[in-house]
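In what follows, a single structure is set out as structure tokens and then discussed.
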Amino acid sequence: MEDRIGRQLGNYKILRLVGQGGFADVYLGEHIHLRTQAAIKVLQVRLGENNIQDFLNEARTIAHLVHPYIIRVLDFGVQDNTPFLVMDYAPHGTFRQRFLQGKPLPAAPLVPYMKQTAAALQYGHDKKLIHRDVKPENMLLGHNDEVLLGDFGLALISYNSTSRSPTETAGTAAYMSPEQLQGKPRPASDQYALGMIAYEWLTGSCPFQGSFFEIASQQVLTPPPPIRDKAPQTPLEIEKVVLRALEKDPQKRFPNVREFSLALEDACLASKQFSFDLVPQPASNESVSDDTSIHARSRHTEASGETSSGTCRNRNPASNRTRAGSGSYIAT
Ligand SMILES: Nc1ncnc2c1ncn2[C@@H]1O[C@H](COP(=O)(O)OP(=O)(O)OP(=O)(O)O)[C@@H](O)[C@H]1O
Ligand SMILES: [Mg+2]
């Protein structure tokens, strides 16, 4: 890996490495004039002249996504043929690091995170953008523990700017819908991925394990085992909602991702799985049109806590990565 520490990229001085993914290195940077900090994502690719304009166009689209639960893209550019994006720095790690450590978790505290992520996705879907890489590593946490969804639309950029084969390229099969694996991602594919995250939260593990191709074929062919087999305390209503988001046929899922998150909330309320003091609030009070806090909805009342059962950590991340983009890798 190229040592970029101390060097300048655009108007930012690179301070330190924050994390690495399959396609990019993420650094903490400081603006040379403003002295503000930001995360700088440097894609591990060198663009040819033909691809630079495509990258800039895609990045511009992403930079127009402004929402309280989406990581804001502040700037982007190409330096020495290497593309980079400057984004808000999320100081509190990822949803994976915070919560998904292989243990089953109670349903109630999941609801605000699901509602926030769903609100972010719905905002993108309303603008005809599909995330394509919804996973716990892309759900960062803000100052008030609110979700900041990262990499919106980036799967497409990295797909377009590389010419690697599927097994060399990005995305994680564990959260990918059958239709996305077949090269036909749609908004319901993001709902499926969010459903997988809910499944992992409740049971402590993803339903499908193995190499990329083993997981991919199960995504297409095998129904997920019932949540209550792994986590018997999970109320039936909650299981039903999550399994509907995981339907193989996108038409059988909820009409949109917001409906999924509201159904999950309703199921929690109906089964008295709520705890009202577990609600992270957004960092700022920008108008969040679709309220994402539990407090704001009063269709039901009551609350309490609960338990269920284990993580969908990729036991072998290298073996189950592939492009979340538009290619088709699974024959039907
Ligand atoms: N804006 C950010 N603020 C703080 N940390 C970040 C930010 N973006 C990414 N990170 C950290 O850097 C790591 C690498 O991010 P990156 O998006 O390159 O890979 P990934 O999402 O983990 O996987 P993939 O390669 O499939 O995209 C993340 O897991 C996260 O820990
Ligand atoms: Mg990421």
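General remarks:
- Cα-based shape type of the stretch 174-220, given that a ≥ b ≥ c are square roots of the gyration tensor eigenvalues and the cut on a/c is 1.5: oblate
- Around Ile14: net Lys/Arg minus Asp/Glu count, Cβ-Cβ under 9 Å: +3
- Listed by chain and number, the lysines whose alpha-carbon sits under 30 Å from that of Lys128, ignoring those within fewer than 8 places in the same chain, are Lys41, Lys115, Lys184, Lys240, Lys248, Lys252.
- The Cβ shell under 10 Å around His131 holds other residues with a net charge of -1, Lys and Arg each +1, Asp and Glu each -1.
- Under 13 Å, Cβ to Cβ, from Val220 - net charge with Lys/Arg +1 and Asp/Glu -1: -2
- Among 179-185, 193-199, 32-38, 222-228, the peptide with the highest mean count of other Cβ atoms within 10 Å heads the list, and the full ranking is 193-199, 179-185, 222-228, 32-38.
- The Arg72 and Lys103 beta-carbon pair, evaluated with R₀ = 41 Å, returns a calculated FRET efficiency of approximately 0.80.
- The stretch 8-87 - Rg over Rh from alpha carbon coordinates, Kirkwood radius: 0.95
- Residues Asp266, Asp249, sorted so that the one with the fewest Cβ neighbours within 10 Å comes first: Asp249, Asp266
Values in this text are rule-based calculations from the coordinates and carry no lab data. Since the model is a prediction, treat every value here as computed from it, not as a measurement. Every residue, glycine among them, receives a Cβ derived from its backbone with ideal geometry; neighbour counts consider all protein chains shown.
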